[in-house]
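The values are calculated or read from the model by the stated rules, or taken from the named source; none is laboratory data. All values derive from a computational prediction rather than experimental measurement. All Cβ positions, glycine included, derive from the backbone under ideal geometry; neighbour counts span all protein chains shown. In case anyone asks, the SASA skips ligands and DNA or RNA and just uses the protein heavy atoms, side chains included. Shrake-Rupley method; radii C 1.70, N 1.55, O 1.52, S 1.80 Å.
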Amino acid sequence: MPQTVTAWFELTADQRSLVGPLREFLKAEVAPGAVQRDETGEFPASIVQELGAMGVFGLQVPEELGGAGLDTATSALVIEEIAAVDGSLALTVASHNSLCVGHLLVAADAAQRREWLPPLATAERLGAWALTEPGAGSDAAALATKATRTSEGYAITGSKQFITQGTVGGVYVVMARTAEAAPGAARSDGISAFVLPGETPGLMRGKPEKKLGLRSSDTTPLVFDGVRVGGGALLGREGAAFADVARVLSGGRIGIGAMGIGLGRAALEKAGRYALERRQFGQALAKHQAVAFKLAEMATELEAARLLVMKAAALRDAGRDHTLAAAMAKLKGSVAGVNACDAAIQVLGGYGYLRDYEVERYWRDARLTRIGEGTDEIQHLIIAREYLRQLE
Ligand SMILES: Cc1cc2nc3c(=O)[nH]c(=O)nc-3n(C[C@H](O)[C@H](O)[C@H](O)COP(=O)(O)OP(=O)(O)OC[C@H]3O[C@@H](n4cnc5c(N)ncnc54)[C@H](O)[C@@H]3O)c2cc1C
């Protein structure tokens, strides 16, 4: 499975030792059932377990806690590889690693890390991360779920919407308001984060959502009905979780950018091969300049997006501010991915519109990348804000 064009960076020995066997596994075990899972929506539990054994569910978890101890750039490469074969699985892997595990890596204390990260790193437990609510999507600081103090800790009440791994999750990181924002403070002031096991009484899962794409990724609303957790469930400082949420989302956006690129790359490869084989007006489609130019545009945009993803990952790994770079990587990766899938449908003509040729699945799957973890419009807002700040 080639990259879109020759990558400008050499994979390190560690990256090669993960990506090589991963590609083999994806080809042999994941690709054959991807179409059927898209039809049935079945969650690939056994594939997840096998990937867990390969380290894919603990990408950035330190090795001493059972993880693969990889950096953000390598994690993005892994997500791109998986997305190029099965978008649903890519979202499962990306959200588990970047959101639930990502939040623990950002905010958990030593005891919390020892308790939660080992079972997450091996996929013994899958991670879910619950920020979005029916009344709080892009405006996440408007969340209304409340955590009130009890003698032993907190009681959480409220509802969450669109939670990936909502049903199959074994560990939930949940954002809830522990106090109203102080006068003059930002609205995000007073929001806290909690980690709790899936079997906690009072945590109720709704029916999995029926979606346009990513059908074998599990998306479920949640209801918290006085869910009692101990004081040890609090992640980071009470009332100050929103800064951690922003950091978690910046990491997640790098992964979603990579996911868009992986799907776009799969579409480009299908379109390229088709254009070489299919003949109309006496020659291969690829000889018609209008078709060849489409392929050129797809390849260039995907490569540009990959460079932005790698830049944002490098900044994150260097401990530098990457808010702007991650927003750009997410925006470019998702838009380039969706556009490549759309162009691939066009190159395949009527066949592109048929399920058998798969590019329509790539498009349906890729479409989410322009919505989840901050829509295109929210990325534009962040990019404009961060850019204008540099001029002040
Ligand atoms: C498959 C799937 C998986 C998801 N997984 C998770 C998960 O695991 N955990 C989680 O917490 N959430 C998850 N989400 C939620 C996702 O992050 C939200 O859907 C997303 O942030 C947008 O929120 P919304 O859907 O409420 O849209 P809204 O915020 O209602 O936005 C609707 C439209 O208005 C635009 N808009 C809103 N505000 C502005 C503004 N200020 N300026 C310009 N335009 C604006 C938006 O860009 C969008 O186009 C998931 C969603 C989906 C579909």
If packing is taken as the mean number of other Cβ atoms within 10 Å per residue, what is the order of 338-348, 315-325, 39-49, highest first? 338-348, 315-325, 39-49
For ARG306, ARG215, the accessible-area ranking with a 1.4 Å probe, largest leading, is ARG215, ARG306
Residue span ALA284 to ASP139: 0.36 nm per residue of separation minus Cα-Cα distance leaves a gain in nm of 47.3 nm
Under the 7 Å Cα-to-Cβ spin-label approximation, VAL35 and LEU276 lie apart by a distance in nanometres of 2.1 nm
Reach of LYS211 by Cα under 26 Å, taken over lysines that are not fewer than 8 positions away in the same chain: LYS27, LYS160, LYS270, LYS330, LYS332
For region 180-280, what is the Kirkwood estimate of the hydrodynamic radius, computed as the reciprocal of the mean inverse distance between distinct Cα atoms, to one decimal in Å? 18.1 Å
Gyration tensor on Cα atoms of region 127-240, a ≥ b ≥ c root eigenvalues, a/c under 1.5 rounded, else prolate if a/b beats b/c, else oblate, says oblate
Stretch ALA186-THR375 to full length: gain in nm at 0.36 nm per residue minus the Cα-Cα span? 65.9 nm
Which helices count as membrane-span-like in the chain under these terms: full DSSP H, at least 20 Å along the axis by C-alpha, Kyte-Doolittle mean of -0.5 or more? 242-277, 289-317, 323-348, 376-391
Which of rounded, prolate, oblate describes region 92-173, given a ≥ b ≥ c as roots of the alpha-carbon gyration tensor eigenvalues and a/c under 1.5 marking rounded, otherwise prolate only if a/b is larger than b/c? oblate
If you roll a 1.4 Å probe over the heavy atoms of the protein chains, what accessible area per residue do you get for the chain, in Å²? 43 Å²
Sort out for me the Cα centre separation of region 223-270 from region 59-102, rounded to whole Å. 12 Å
Taking just the C-alpha trace of region 243-391, give me its Rg and Dmax in Å. 17.1, 60
Considering the chain as a Gaussian network with a 10 Å cut-off on Cα pairs, which listed residue, GLU50, GLU303, GLU80, attains the greatest mean-square fluctuation? GLU50
For the chain, shape from the Cα gyration tensor axes a ≥ b ≥ c, cut at a/c of 1.5 then a/b versus b/c, turns out prolate
For the chain, what is the mean residue ellipticity at 222 nm derived from helices alone (per DSSP H run of n ≥ 4: -39500 (n - 2.57); sum divided by total residues; nearest 500 deg cm²/dmol)? -15500 deg cm²/dmol
Rg to Rh quotient for region 9-112, alpha carbon positions, Kirkwood Rh: 0.98
For ALA28 and ASP317, compute 0.36 nm times the residue count separating them, minus their Cα-Cα distance, and round to one decimal in nm. 100.9 nm
